[in-house]
Each structure stands twice: as structure tokens, then as C-alpha cells.
Amino acid sequence: MKKGLTAFLIGLFAIFPFTVFLSSKASAGPMVMRVGETHAQDYPTTKGLYEFARLVKERSNGRIVIEIYHSKQLGEERAVIEQVQLGAVEMTRVSVSAASAYVRDLDALQLPYLYRNSDHMWKVLNGPIGAEILKKLEASNFIGTGWFEAGSRNFYTKRQVKTVSDLKGMKIRVQQAPLMVGMIEALGAVAAPLPFGEVYSALKTGVIDGAENNWPSYLSTSHYEVAKYFIVDEHTRVPEITLGSKKVFDKLSKEDRALIIKAHQDAVPYQIKLWNDFEKVAEKAVREKGSVITEVSPAEKKKFMDAMKPLYDKQPAEILAVAKKIREVK
Ligand code: BDP
């Protein structure tokens with residue numbers, strides 16, 4: 001018995017330093033930050049995140065590792081945003097629309113027919129207006145680490161839409177964001193705010209008559225199979241945003257925080273390039289697969305724009321003030 005105890009104690013002392021070594025090694029291991037992403041692994045936005053992760057790893061000498069959970073592995077956007085807000089998930093890349101349900105200041109960046117083109121949007125995002133809006137996210141427990149390109153959005157439907165009045169009474173899926181619901185109502189259509197992953201079956205079963213998105217998403221989700229009429233009305237340009245959890249970021253050193261934000265910024269030109277290339281590929285692909293594409297004349301586009309006026313009229317003064325500043329950016 002005594003012998004046994006001695007052997008046990010010797011054994012314990014023998015492994016003690018080893019366990020201490022192991023546990024100290026574990027705490028000195030890389031800091032892992034998970035990023036939720038709704039799109040597939042090969043989608044341009046997901047590839048932008050991989051570039052961001054590569055830069056973070058390289059610049060932190062492997063101390064910070066960004067892991068990308070693509071294809072909704074962590075859940076639909078709204079659910080992951082809530083996890084990030086609570087600090088249960090470190091980061092997520094979402095559409096500004098999805099995030100706007102939590103931070104209404106973001107509405108100023110997604111109003112219909114706001115930007116002249118992508119360059120104009122990037123001047124705004126990279127300038128003081130973008131910086132100020134990122135700062136405002138902190139009050140809601142988010143750290144905005146940066147933006148990505150997502151082109152412009154268009155309607156696609158199960159029966160052909162050629163004019164703005166054809167949309168009247170149609171049930172159209174939008175993102176779960178008050179501004180987007182308002183946009184559909186301004187067109188005299190019925191808004192169906194649904195998670196992204198539910199749109200295919202809702203179109204297929206006829207629960208909705210249409211949806212709206214950019215060319216890449218129309219292709220990647222196979223929505224073109226169940227809503228073959230696409231109208232190039234370009235009603236809104238909604239940037240993507242990567243959100244970090246303030247609870248998590250507050251534990252980082254100032255330097256590491258800056259390193260992450262800079263790495264995201266430096267991944268942007270790569271993501272934009274991939275985006276622009278894939279937008280063309282996606283457009284060509286859906287045309288070849290039989291989608292019927294309706295171009296919009298300048299006169300008809302003006303009607304789309306005019307239809308959005310009641311939506312603008314409903315916006316709070318602060319949002320309209322930012323929209324005005326955005327329009328003034330040359
Ligand atoms: C895509 C965005 C994605 C959104 C989706 C949607 O990249 O983040 O979830 O639209 O409509 O363009 O929900």
C-alpha cells in the first residue's frame with residue numbers, strides 16, 4: 001500500500017512538469033477568431049475573407065488565426081449577428097441590410113438609388129462617412145472591421161416584370177430589415193422578409209413571387225432555376241460588412257485590433273477584383289441557363305427612382321442628413 005502510494009506520488013511528480021508545460025503551451029497557442037459567412041467557399045466574398053485571414057496570420061506571425069465558417073455553418077445572418085453581439089462568436093461577414101436591423105445608422109448606406117456607381121460608394125465607405133458609421137456600431141457592441149463589394153441588387157420574379165407598375169401586388173422576398181420592407185411597400189408590392197436560405201424553396205413552392213439580389217447571388221443560390229425573369233433595375237447597392245464582437249475585441253491589444261482592421265482593408269482590392277470578374281461570369285451563366293433578362297430604359301429607371309420617394313420621406317432626419325452628405329461626395 002505504502003509502496004503503491006510512493007509510486008503514485010513519484011508518478012504524479014514526473015508528469016507534473018509535463019502537464020504544466022502542456023497547459024502553458026495551450027494558452028500560448030494562437031488566438032482563434034471564427035467568422036460566420038453565409039456564402040459558399042468559392043464565392044468572391046468568402047475568398048475575400050480568406051485573403052483577410054491570410055494577412056492577419058502573416059502579420060501576426062501566426063498569433064492570430066481567423067477561421068472561416070462558410071456556407072452558413074454558424075447559422076443564418078441574423079442569428080450569427082446576435083451571437084457576435086453577445087460575444088459567443090468572434091466575427092461575421094454580413095450584408096449591411098442584415099446588420100441594419102441592429103444598427104439603424106446603417107440605413108444611410110443602403111437607401112435605394114443612393115450611389116452613382118461603385119466608385120462613389122467606395123469613396124463614401126473609405127472616407128469620413130464610412131468611418132463615422134463604423135464608430136457608431138460600437139454602441140451596439142460591434143466592431144466594424146471593414147466593408148466588401150456586393151454590386152447592385154435587382155428584382156427577379158416568377159412572371160415577367162417589365163415596368164415598375166408590374167411589381168404591384170407581387171410578394172417579394174427581402175432581407176429582414178425595416179428599410180428593405182419599406183422599399184417593397186413603396187413599390188406597391190408585398191414584402192416577405194425571409195432568411196436567405198429559405199428563398200429557394202419559397203420561390204419554388206410559390207409562397208413568394210420574387211426576390212432581389214445581385215448577379216452572383218442569383219446564380220450561386222440557383223434562384224434562377226425557380227425565378228427566371230430578372231430585371232436590371234439596380235434599385236440598391238448594399239455593401240457587405242464584417243462585424244467583430246466588441247466583447248472579444250476589447251480584450252485585444254490596441255496593436256492587434258489595428259492589425260485586424262488594416263488586414264481587412266488590405267483584402268478589399270482583391271475582393272473587389274474577384275467581385276467584378278464574377279459578376280460578369282454570373283450574368284453570362286444565368287443568361288445561358290435560360291433566364292430572361294429585362295433591361296430598363298432611362299425613362300423607366302426614373303419611374304423606379306420616383307417610386308422610392310415615399311420611402312425617403314419616412315426616414316428620420318439624421319439618416320437623410322447622411323444621405324445628403326453621401327450625394328455630395330464627388
Ligand atoms: C447577398 C449577401 C448576403 C445576404 C443575401 C441576402 O451577400 O450577405 O445574406 O444577399 O439577400 O447578396 O440575404
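Could you go through segment 200-212 and let me know if any residue there is at negative phi and in contact (Cβ under 8 Å) with a residue 60 or more places away in the chain. Looking through segment 200-212, none of the residues is at negative phi and in contact (Cβ under 8 Å) with a residue 60 or more places away in the chain.
Which of the following residues is in contact (Cβ under 8 Å) with a residue 40 or more places away in the chain and either in the same structural domain as Thr38 (by TED's automatic domain parsing) or among the basic types (Lys, Arg) (or both): Val103, Val94?
Val94
Given the criteria more than 15 Å from the ligand (Cβ to nearest atom) and either part of a loop (DSSP other than H, G, I, E, B) or modelled with pLDDT under 95 (or both), does Lys162 qualify? Yes, satisfied. For Gly290, the conditions (1) among the small types (Gly, Ala, Ser); (2) under 18 Å from the mean Cα position of the chain (by Cα); (3) surrounded by fewer than 13 Cβ atoms within 10 Å (Cβ to Cβ) are fulfilled apart from (2).
Results for (1) in contact with a helix residue (DSSP H, G or I) (Cβ under 7 Å, 6 or more places away or on another chain); (2) modelled with pLDDT of 95 or more; (3) more than 14 Å from the ligand (Cβ to nearest atom), shown as yes or no for each residue.
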site	(1), (2), (3)
Gly197	no, yes, no
Ala211	yes, yes, no
Leu219	yes, yes, no
Ile231	no, yes, yes
Asp250	no, yes, yes
Asp256	no, yes, yes
Lys262	no, yes, yes
Ala267	yes, yes, yes
Lys273	no, yes, yes
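Taking the condition out of contact with any Cys (no Cβ under 8 Å at 6 or more places or on another chain), buried (at least 19 other Cβ atoms within 10 Å of the Cβ) and touching a residue at least 24 places away in the same chain (Cβ under 8 Å), does Leu109 pass?
Details: out of contact with any Cys (no Cβ under 8 Å at 6 or more places or on another chain): yes; buried (at least 19 other Cβ atoms within 10 Å of the Cβ): yes; touching a residue at least 24 places away in the same chain (Cβ under 8 Å): yes.
Yes; evaluated as a whole, the condition is true for this residue.
If you go through segment 43-68 and keep only what is under 19 Å from Gly29 (Cβ atoms), among the aliphatic types (A, V, I, L, M) and outside any strand (DSSP E or B), you end up with Ala53, Val56.
Identify the residue in segment 32-42 that is outside any loop (DSSP other than H, G, I, E, B) and touching a helix residue (DSSP H, G or I) at 6+ places or on another chain (Cβ under 8 Å) and, among all such residues, is farthest from the ligand (Cβ to nearest atom). Please lay out each step first, then the result.
Going residue by residue through segment 32-42, those that are outside any loop (DSSP other than H, G, I, E, B) are 32-37.
Pick out the ones that are also touching a helix residue (DSSP H, G or I) at 6+ places or on another chain (Cβ under 8 Å) and you get 33, 35-37.
Values: Met33: 19, Val35: 13, Gly36: 10, Glu37: 8 Å.
Ranking the qualifying residues of segment 32-42, first place goes to Met33.
Within segment 237-269, can you find the residues that are of a type in the set (Asp, Glu) and part of a strand (DSSP E or B)? Show your work before the answer.
If we filter segment 237-269 for residues that are of a type in the set (Asp, Glu), which is where we start, we get 240, 250, 255-256, 266.
Passing the criteria: only Glu240.
Rundown of residues vs (1) over 26 Å from the mean Cα position of the chain (by Cα); (2) open to solvent by less than 60 Å² (accessible area, probe 1.4 Å), yes/no style:
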{"residue": "Phe278", "(1), (2)": "no, yes"}
{"residue": "Glu295", "(1), (2)": "yes, no"}
{"residue": "Pro298", "(1), (2)": "yes, no"}
{"residue": "Ala321", "(1), (2)": "no, yes"}
{"residue": "Lys325", "(1), (2)": "no, no"}
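Restricting to segment 45-77, and then to whatever is open to solvent by 10 Å² or more (accessible area, probe 1.4 Å) and in contact with a Pro (Cβ under 7 Å, 6 or more places away or on another chain), can you tell me which residue is farthest from Val248 (Cα to Cα)? Result: Glu76. Looking only at segment 167-185, decide whether some residue is within 28 Å of Glu51 (Cβ to Cβ) and open to solvent by 60 Å² or more (accessible area, probe 1.4 Å). No - not one qualifying residue is present in segment 167-185.
None of Lys246, Lys324, Lys314 is touching a strand residue (DSSP E or B) at 6+ places or on another chain (Cβ under 8 Å) and modelled with pLDDT of 95 or more except Lys246. Restricting attention to segment 227-264, the residues that are closer than 14 Å to Thr157 by Cα, of a type in the set (A, V, I, L, M) and surrounded by fewer than 20 Cβ atoms within 10 Å (Cβ to Cβ) total 1.
The values are calculated or read from the model by the stated rules, or taken from the named source; none is laboratory data. Only a predicted model underlies this, so the values are computations on that prediction, with no experimental measurement involved. FYI the Cβ positions are ideal-geometry reconstructions off the backbone, even for glycines, and counts take in every protein chain you see. With ligands, DNA and RNA removed, areas are computed over all heavy atoms of the protein, side chains included. Shrake-Rupley method; radii C 1.70, N 1.55, O 1.52, S 1.80 Å.
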